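Beneath this line is the structure, given in structure tokens, with notes to follow.
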Amino acid sequence: MALSEVDGGIVSGFWILEGDPGDEAQLNPALQDHLHLFGRAPELVAADRNVHSKDNERLARELGVKKGCLPKAGNKSKEREEHEHKRWFKKARKFRAGIEGRISVLGRAFGLDRCLDHGEEGMGRWVGWGVLVHNLRQISRTRAARQAT
């Protein structure tokens, strides 16, 4: 399963993956989905190390992403080290860590750790309901916090 998240902790998209596709192949569908939903590219894209490739960085720029936080695994050039030590890049990595936490919460608190429905269609339905309930909780928490101030 792959997830897309926007500001406020809202899950904006999810995909049930067939087989075991590489993480690198998941950026394009996520960006295309974001473009379809919001009519513009996200300002920032943050993903884990397995998504990094020159092609993915080029794709993000071509689609209009201003800041792409796609950390490179392994040995890095001095230029790459400097790029990954920029303030916005470090902040984006922290946002990415938050996404990992969200995935954990979706599993534990919203039942996505074990699907009780059957087949691919059932899996999609199960994940969809979990994401919906999670998003409703996020929205209600945000509204409650705004009303409290």
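Per-residue HN-Hα couplings for the stretch 136-142, Karplus 6.51 cos²θ - 1.76 cosθ + 1.60 at θ = phi - 60°, whole Hz, x for Gly and Pro?
Computed from phi, the couplings for the stretch 136-142 are 4, 5, 4, 5, 5, 5, 5 Hz.
Give me the base-10 log of I(q)/I(0) for the chain at each q in 0.13, 0.21 Å⁻¹, Debye formula, one uniform scatterer per Cα, rounded to two decimals.
Listed by q, the Debye log ratios stand at -0.67, -1.42.
Show me the ranking of peptides 51-60, 106-115, 85-94 by mean Cβ neighbours inside 10 Å, starting with the highest.
Result, highest mean first: 51-60, 106-115, 85-94.
Over the stretch 2-148, what is the relative contact order in percent, taking alpha-carbon pairs closer than 8 angstrom and at least six residues apart?
Worked out over the stretch 2-148, it gives 21 percent.
Let me have the 222 nm mean residue ellipticity of the chain computed from DSSP H runs of 4+ only, each contributing -39500 (n - 2.57), with the sum over all residues rounded to the nearest 500.
Taking each H run of at least 4 residues, the total per residue is -18500 deg cm²/dmol.
If you stretched the chain out fully between Ser53 and His36, how much longer would it get, using 0.36 nm times the residue separation minus the C-alpha to C-alpha distance?
3.8 nm
At what distance in nm do the modelled label points of Glu18 and Lys91 sit from each other, each positioned 7 Å from its Cα along Cα→Cβ?
4.0 nm
Between Cys69 and residues 5 or more places away or on another chain, which pairs have amide H atoms under 5 Å apart, with H built 1.01 Å from N, and which residues are they?
Placed amide hydrogens put Val45, Ala46, Ala47 under 5 Å from Cys69.
For the stretch 105-134 and the stretch 1-62, what is the centre-to-centre distance using only Cα atoms, to the nearest Å?
20 Å
What GluC sites (Glu not before Pro) in the stretch 1-35 are in a loop by DSSP, with at most 14 other Cβ atoms within 10 Å of the Cβ?
Glu18
Throughout, read-outs are computed from the coordinates displayed, never taken from laboratory work. Just so it is clear, the structure is predicted and the values come from calculations on it, not from any experiment. Backbone-built Cβ (ideal geometry, glycine too); neighbour counts: all protein chains shown.
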